[in-house]
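Colleague: One structure is given below, represented as structure tokens, and several questions about it will come after.
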Amino acid sequence: MKECLKGIVKSIYIYSSFVFSRGRSFLKKWIASRGGSASYWTEHMVVTEDFQSRESSFAYFHWRNDQYLDYINLMPVDGQDDKVVLDYGCGPGNDLVGFVEYSKPRKLIAVDVSKTALDAARKRLLLHGYDIEYIHVDEKENKIPLDDCSVDYIHTSGVLHHCLNMDAVLEEFQRVLKPDGEVSVMVYHYNSIWVHLYVAYILQIKQKKFSELPLLEAFKRSTDGPHCPISHCYTPTDFLAIAEQHGFSGECRGSAISMMEMNCLPERFRAIENRRLHEEQRKFLCSLTFNEKGLPLYKGVVAGIDACYCLKKLGV
Ligand SMILES: C[S@@+](CC[C@H](N)C(=O)[O-])C[C@H]1O[C@@H](n2cnc3c(N)ncnc32)[C@H](O)[C@@H]1O
């Protein structure tokens, strides 16, 4: 009897500690999301692993790239020897690892609104033997403290769609980029399995999550945690039009698709059958074709969440 009681007390203790710690982390993220993007990204990092060696950090770099098919070809980190390279919104430094391992930039500059992310990036790059320049920016002003026309290459992956003021960021890119410089951008893709199958069908209809919300509001909650304050997605036409307003011409290089989306693909037939799926999503899913690798295409472009662009200054 005594043993049984002890067991019950222990189970209650373990369960309540679990609920309390989950609740506390949930609360912290919720509070952070109220404070805007910067405070959210201070609490929420894309990688939380505490790497202890160059090998483990490098192994993670490769693993993460493989989670988004073709990502590393669409957002390359090689070929930047002797260049001034800026990783805008570097987060905890995954792509910075790529730049130091696969290029020999003259200068590598890491920028982010989150001091936690910059600290994590610094610690990680030290494992690779590099101490580079880290710059903290304010998310409202977005002023990059660098001279006009001083950067050869800007890499910004998974960042612009989270920015409070993307226009201000693109203006700064236009100012700091050299006339013959180049920007590589990855932003979330509207024409994706993520939007039209995962959010519209799997989350909203099948799992009844965020069902009451408009599609793009549900999308916002589906990408980087339910409390992420800003998360947009764009069609290539829309994103290139925004870039053009800021003096850039560009092209969509293609799109990287996540394993999550590939795992959802078999559900597309159930989704098409479902009378509650909106016509736009049904038409999207009905029109998919597949390339030789088995990846789904929409209007000839892989229907993955990571749309990748190359931008150059207009008129160059
Ligand atoms: C999804 S993470 C991507 C991190 C990294 N680029 C990667 O691919 O692993 C988004 C990053 O953008 C940063 N961020 C959000 N708004 C920003 C802004 N206005 N200026 C600079 N960085 C910003 C966040 O702090 C966060 O580190």
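Computed from the coordinates by the stated procedures, all read-outs in this text should not be read as laboratory data. Small disclaimer: the values here were computed from a predicted structure and weren't measured. So basically every Cβ, Gly included, is an ideal-geometry build from the backbone, and we count neighbours across all protein chains shown.
Colleague: In deg cm²/dmol, rounded to 500, what helix-only [θ] at 222 nm does the chain give when every DSSP H run of at least 4 residues adds -39500 (n - 2.57) and the total is split over its residues?
Modeller: Theoretical 222 nm ellipticity from helices: -12500 deg cm²/dmol.
Colleague: Same structure, new question: With point charges of +1 on the Cβ of Lys and Arg and -1 on the Cβ of Asp and Glu, referenced to the Cα centre of the chain, which listed residue (His44, His161, Pro145) lies farthest in the positive direction of the dipole?
Modeller: Highest projection toward the positive end goes to His44.
Colleague: What list do you get for Met75, Met259, Met45 if you sort them by fewest beta carbons within 10 Å?
Modeller: Met259, Met45, Met75
Colleague: Could you give the radius of gyration (one decimal) and Dmax (whole number) of the Cα atoms in region 29-149, in Å?
Modeller: 14.6, 43
Colleague: With +1 on the Cβ of every Lys and Arg and -1 on the Cβ of every Asp and Glu, and nothing else charged, how large is the dipole of region 155-248 about its Cα centre, in debye rounded to the nearest 20?
Modeller: Around 540 debye, computed over region 155-248.
Colleague: Apply 1/(1 + (r/R0)^6) to the Cβ-Cβ distance of Asp82 and Ala59, taking R0 = 30 Å, and write down the FRET efficiency to the nearest 0.05.
Modeller: Efficiency computed from Cβ-Cβ geometry: 0.60.
Colleague: Next question, about the same structure. Report for the chain the percent antiparallel among DSSP-assigned beta bridges with both residues inside it, nearest 5.
Modeller: Antiparallel bridges make up about 50 percent of those DSSP assigns within the chain.
Colleague: Given a Förster distance of 45 angstrom, what is the FRET efficiency for Arg106 paired with Met259, based on the Cβ-Cβ distance and rounded to 0.05?
Modeller: Given R0 = 45 Å and the Cβ-Cβ separation, E is 0.80.
Colleague: Could I ask something else about it? Once the mean 1/r over all distinct Cα pairs of region 73-220 is inverted, what Kirkwood radius in angstroms do you read off?
Modeller: Answer for region 73-220: a Kirkwood hydrodynamic radius of 16.7 Å.
Colleague: Another one. Size of the chain along its principal axes in angstrom, Cα-based, largest extent first?
Modeller: The principal-axis extents, from largest down, are 78, 48, 37 Å.
Colleague: Considering only DSSP beta bridges whose two residues both sit in region 105-257, what percent are antiparallel, to the nearest 5?
Modeller: 0
Colleague: In debye, nearest 20: dipole of the chain around its Cα centre with unit charges on the Cβ of K, R (+) and D, E (-)?
Modeller: That gives the chain a dipole magnitude of about 1620 debye.
Colleague: A further question follows. A 31 angstrom limit on the alpha carbon distance is what I want to check against. Which of Lys115/Lys220; Lys140/Lys208; Lys143/Lys293 exceed it?
Modeller: Lys140/Lys208; Lys143/Lys293
Colleague: Which value in nm describes the separation of the simple spin-label points at Asp50 and Asp66, placed 7 Å from the Cα toward the beta carbon?
Modeller: 2.6
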